[in-house]
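Here the structure comes first, spelled out in structure tokens, and everything after it is commentary.
The values are calculated or read from the model by the stated rules, or taken from the named source; none is laboratory data. Only a predicted model underlies this, so the values are computations on that prediction, with no experimental measurement involved. Virtual Cβ from ideal backbone geometry, glycine too; neighbours counted across all protein chains shown.
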Number of protein chains: 2
Amino acid sequence: MFDLRPVGYVIGLLLVALGATMFIPWGVDIIWETGGGGTFAVSAMITILFGGSMALASANSRSPGLNLQQAFLLTVMSWTALPVFASLPFWLGAPNASYTDAFFEAVSGMTTTGSTVFSNLEDLPLGTLLWRGMMQWFGGVGIIVVAMAFLPTLKVGGMQLFRSEGFDTLGKVLPRAGEIAGSISIIYLALTAACLLAYSLVGIGFFDALVLSMTTIATGGFANTDASFAAFSGLPEYVSALFMLLASLPFIRYVQMMRGSAQPLLHDSQVRAFLITAVALILTITFYRMLANGAHGEAAFRESLFNVTSILSGTGYASVDYQLWGPFPVVLFFMLGLVGGCAGSTCCSIKIFRFQLLFISIKQQIKRIHSPHGVFGARYAGRPVGEDVISSVMAFFVMFFLSLGLISVVLSLLGLDFITAVSGAATALANIGPGLGPEIGPAGNFGGLSDAAKWVLSFAMLIGRLELVAVLILFTPGFWRG
Amino acid sequence: MFDLRPVGYVIGLLLVALGATMFIPWGVDIIWETGGGGTFAVSAMITILFGGSMALASANSRSPGLNLQQAFLLTVMSWTALPVFASLPFWLGAPNASYTDAFFEAVSGMTTTGSTVFSNLEDLPLGTLLWRGMMQWFGGVGIIVVAMAFLPTLKVGGMQLFRSEGFDTLGKVLPRAGEIAGSISIIYLALTAACLLAYSLVGIGFFDALVLSMTTIATGGFANTDASFAAFSGLPEYVSALFMLLASLPFIRYVQMMRGSAQPLLHDSQVRAFLITAVALILTITFYRMLANGAHGEAAFRESLFNVTSILSGTGYASVDYQLWGPFPVVLFFMLGLVGGCAGSTCCSIKIFRFQLLFISIKQQIKRIHSPHGVFGARYAGRPVGEDVISSVMAFFVMFFLSLGLISVVLSLLGLDFITAVSGAATALANIGPGLGPEIGPAGNFGGLSDAAKWVLSFAMLIGRLELVAVLILFTPGFWRG
């Protein structure tokens, strides 16, 4: 058994920080007298007390950084422990929320999925609505840091490809992660502020604009009303689509741009592939809407732009129930939810670089069949890609679909019908938000599912967010032997 | 451009043989006076004339065997050209059959899929029903030969793993294929005869038993009535399940057994994995039926045994509409249709050995993350497996799911709803037979779909049967440059 203290220490500190932020919604509830009561203060104290004790009890470790096992464990445990405490305000405060509901909502928040079990959102205290937005906002920046500082080192799902960015962290994970987190946080904050300003300029009230800007930049998708984005038709949809697209790009490129060089962003192969995919899909749906549904030009374009961007980026806002557009958009939206944005952004799902590598690899296979004795080195973005990266990406893809199948079967065993089970598993694993069908589709919510189904979906959201491998590796006996 | 003549020659001969067999249903229609008329004779003459001319025109080639390109082209062209002619009797003879319907039915037959566009099957002339069974029977033995003689040499989808059986054929494809076909055909005939006898012993009339034995051993699934296997409840279900399982095992093992050694069959890792999977699934569904549906012991077991075996082997008979069993069996049946039987059997789909290799590979990946500098050779069935086999299997898996997604999207564009589009794409690509939902589910058929959807599904059945790569490689420009 290896030393758990460095992991406990960091998680303890994270919990203290999380607890501290709970005073913000507490303050909001007090100032606006919206009836949130003292639940945030109680939750904050429990969280800080627990986190503080944990950090103190683990502080004795002398190791300067984390080893491989510790890095894995920290990655997975932080994403599991934080929702446990982030759910407290829901459990203690939201009307009739069971702990299952509270935990589901917290996981959906922290993983930036955006599925909700609550209905009549507009009746919730402002503090609770703010907390939902804050959780997604924390989750969004958290995953960028994990994706840049941890996953490449852990060689998870082909993420070692992004190791060449100069973030080799093993043995010195913490200082490095801190430095990365610093630059990223400034960008993240600036983008959120810009989004808040833009939402305000197009007429969204301050509180809605605040929460929406946090859940937009996090590609999370929590909104303050059951109607999601339908309440903000028109210009706000353009603003939202723009910022969802910006949030889908690798944040390291913004850091480089901030340091004076826009070239890396403009020449990023992942960025290009993502934007081309997005434009192609938006135009396809626009033309389909005009031809098949008789939709008008601007509205057809705007609704396509907004909803395609929302699903492709895994945000999960809905401005309309696109299930009424006909079978083609339904099936296409299901598929494009499995694509996702760029690695190093706040997006989840399979991600565009893995598709690029898959196509490169398939092309290579075919070349190899043509000329069995030829040597073909795969190249991505101008640089050679090792066999280990390709097979790691393929293993990710395979595991994603095996997990999707398995979770669908388990959900069906819990009584969910085919569409609800399969789309529920997909939306959770890819951290999108809405599923398909009348119950969990864009016009429904997850509140009516059984407790067991909510736990299964919570687990699916977590393993999806942590790129599967990082979680599954903890279940192998070899891991614990060190 | 390379020499097409050896390919034309073999296809010509195959067409002559196909045409010759059309005289059998013609004889049946004449002897039993079932109203088939002369359509089979006309079709036979067209087919023989065309095939004969093609063979004669191509006979001049001096090359002793096939090169790589020719072997690919022959594999794909034979599976495309034969249905074109096999469809003639339906087009000319079946009431109101469009050419689309006739071609769909022929492709569904030859690929041993078993989806049908015809309803009121019991009103069709006996010759036509017999022809449906014969097509599947030819398709079944054809795919065993292709899987043993061609695919390993072509290194398609990990099939090179089965090259070690001693069938290295490149440059001498034809004589070797002939020899293999000889041994296999005897086994195939013997199994069919045994199945016919067994069906007769449990009370199925001769004509039904004949057609069913052909479509059972081919894991094809065409039946003589719209009720599929529901007409033969009881003992025949046990007989059918037994022979579907036998037909799902690698036929080379039967050849070895015939030569005196049962060891290879008993120790085949693929056979064990398949049987364990089948037993686990049958017991799971049996217990589910007893607990959730209140089904009785023997009937619950028998219906589970029959329907699980039918879908897992890709046969596609249905004895009941298992969609009424609840969401768990529906989702599970969808997934297990994507598993399939053993390589070298008449089964299609992803196949059990690919799942074995995927698990081996994922285990390896995880080991490699644990110990980045360790060397781990993958082993399958006690022998080392090269990286090329693993990546070929992964590429197959990836392409299977990309094709599934793409075909689903195209079908949805043609107006099929989510369940029909996704399950239709899956059942065609995996060559199973029934889809899900009210239209193409086990209680429906494919006749009501649009012509465009039928063509897309026909294409999907073909690329599924030919293990995707073999078809897709023809679409690469490099292939035609030689």
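Results, tabulated for the structure shown:
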read-out	value
Residue selected from the range A:423-441 under the condition surrounded by 24 or more Cβ atoms within 10 Å (Cβ to Cβ) and outside any helix (DSSP H, G or I), by the criterion nearest to the chain's Cα centre (by Cα)	A:ASN431
Test: A:ILE360 is within 12 Å of chain B (Cβ to nearest Cβ), at pLDDT below 85 and closer than 28 Å to B:LEU151 by Cβ	no
Candidate set from the range A:46-69 (those that are in a helix (DSSP H, G or I) and crowded, with 23+ Cβ neighbours inside 10 Å); member that is farthest from the other protein chains (Cβ to nearest Cβ)	A:THR47
Any hit, the range A:330-341, residues being outside any helix (DSSP H, G or I), within 10 Å of chain B (Cβ to nearest Cβ) and over 22 Å from A:LEU246 (Cα atoms)	no
Residue list for the range A:191-229, restricted to those being more than 20 Å from the chain's Cα centre (by Cα) and not in a helix (DSSP H, G or I)	A:VAL202, A:GLY203, A:ILE204, A:GLY205, A:THR225, A:ASP226, A:ALA227
A:PHE355 in a helix (DSSP H, G or I), within 11 Å of another protein chain (Cβ to nearest Cβ) and under 18 Å from A:MET159 (Cβ atoms)	yes
Selection status of A:ALA378, crowded, with 23+ Cβ neighbours inside 10 Å and either at negative phi or within 7 Å of chain B (Cβ to nearest Cβ) (or both)	no
Evaluation of A:GLU122 against (1) in a helix (DSSP H, G or I); (2) within 27 Å of A:GLY337 (Cβ to Cβ); (3) within 14 Å of chain B (Cβ to nearest Cβ) (one fails), failing number	(3)
Per-region count, the range A:466-478, residues assigned to a helix (DSSP H, G or I) and either surrounded by 22 or more Cβ atoms within 10 Å (Cβ to Cβ) or β-branched (Val, Ile, Thr) (or both)	4
Test: residue in the range B:25-35 that is at pLDDT below 90 and surrounded by 23 or more Cβ atoms within 10 Å (Cβ to Cβ)	yes
Hits in the range A:244-267 - residues which are touching a Leu at 6+ places or on another chain (Cβ under 8 Å) and over 24 Å from A:THR113 (Cβ atoms)	A:ARG253, A:GLN256, A:MET257, A:LEU265
Selected residue (only one of B:PHE396, B:PHE353 is touching a Lys or Arg at 6+ places or on another chain (Cβ under 9 Å), under 21 Å from B:ALA273 (Cβ atoms) and not aliphatic (A, V, I, L, M))	B:PHE396
Filtered residues of the range B:450-464 (kept if assigned to a helix (DSSP H, G or I) and among the small types (Gly, Ala, Ser))	B:ALA452, B:ALA453, B:SER458, B:ALA460, B:GLY464
Residue in the range B:398-409 that is more than 10 Å from every other protein chain (Cβ to nearest Cβ), without any contact (Cβ under 8 Å) to a residue 24 or more places away in the chain and touching a Leu at 6+ places or on another chain (Cβ under 9 Å) present	no
Selection status of B:ILE369, in contact with a Lys or Arg (Cβ under 6 Å, 6 or more places away or on another chain), assigned to a helix (DSSP H, G or I) and within 30 Å of A:GLY386 (Cβ to Cβ)	yes
Residue in the range A:98-118 that is within 18 Å of A:LYS454 (Cα to Cα) and surrounded by fewer than 18 Cβ atoms within 10 Å (Cβ to Cβ) present	yes
Matching entry among B:PHE396, B:PHE353, B:PHE418, B:PHE400 (being under 18 Å from B:PHE446 (Cα atoms) and touching a helix residue (DSSP H, G or I) at 6+ places or on another chain (Cβ under 9 Å))	B:PHE418
Any hit, the range A:145-152, residues being at pLDDT 85 or above, part of a helix (DSSP H, G or I) and not hydrophobic (A, V, I, L, M, F, W, C)	no
Selection count, the range A:253-291, where residues are more than 13 Å from A:GLY341 (Cβ to Cβ) and either in contact (Cβ under 8 Å) with a residue 24 or more places away in the chain or outside any helix (DSSP H, G or I) (or both)	14
Sole exception among (1) in contact with an Asp or Glu (Cβ under 9 Å, 6 or more places away or on another chain); (2) surrounded by 17 or more Cβ atoms within 10 Å (Cβ to Cβ); (3) free of Cβ contacts under 8 Å to residues at least 40 places away in the same chain for A:PRO250, by number	(3)
Residue in the range A:448-465 that is surrounded by fewer than 19 Cβ atoms within 10 Å (Cβ to Cβ), over 22 Å from B:ASP417 (Cα atoms), away from chain B (no Cβ under 14 Å) and among the aromatic types (Phe, Trp, Tyr) present	yes
Residue in the range B:346-375 that is surrounded by the most Cβ atoms within 10 Å (Cβ to Cβ), counting only those that are touching a Ser or Thr at 6+ places or on another chain (Cβ under 6 Å) and over 25 Å from A:ILE366 (Cα atoms)	B:THR346
Residue ID - nearest to A:GLY234 (Cα to Cα), chosen from residues in the range A:306-330 that are without any contact (Cβ under 8 Å) to a residue 60 or more places away in the chain and touching a Gly at 6+ places or on another chain (Cβ under 9 Å)	A:GLY326
Test: B:GLU387 is facing chain A (nearest Cβ under 7 Å), more than 22 Å from B:THR346 (Cα to Cα) and of a type in the set (D, E, K, R)	yes
